[in-house]
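Laboratory data are not the source of any read-out in this text; all were calculated from the coordinates shown. The structure presented is a predicted model; accordingly, all values stated were derived computationally and were not measured. Note that each Cβ is placed from the backbone with ideal geometry, even for glycine, and that neighbours are counted across all protein chains shown.
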Amino acid sequence: MATANHPVEDGSTRTERRVGIRVFIYVIGLHLFAAFVMALYYFGQPSAHG
């Protein structure tokens, strides 16, 4: 918590790097989740070869 004696200080370069890494992880995770859902639809559809 920020107080008058201890203000919140965060180096901009470190913060930008952390945010960039977090965004990268979220984007990769979202793509993996989307691929998983697409695979469920692909493997769950009825076979045309019957």
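Below, the figures for the structure above:
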{"read-out": "Theoretical FRET efficiency, 1/(1+(r/R0)^6), r = Cβ-Cβ of E16 and A39, R0 35 Å, to 0.05", "value": "0.50"}
{"read-out": "Length added when fully stretched, I25-S47, from 0.36 nm per residue minus Cα-Cα", "value": "4.4 nm"}
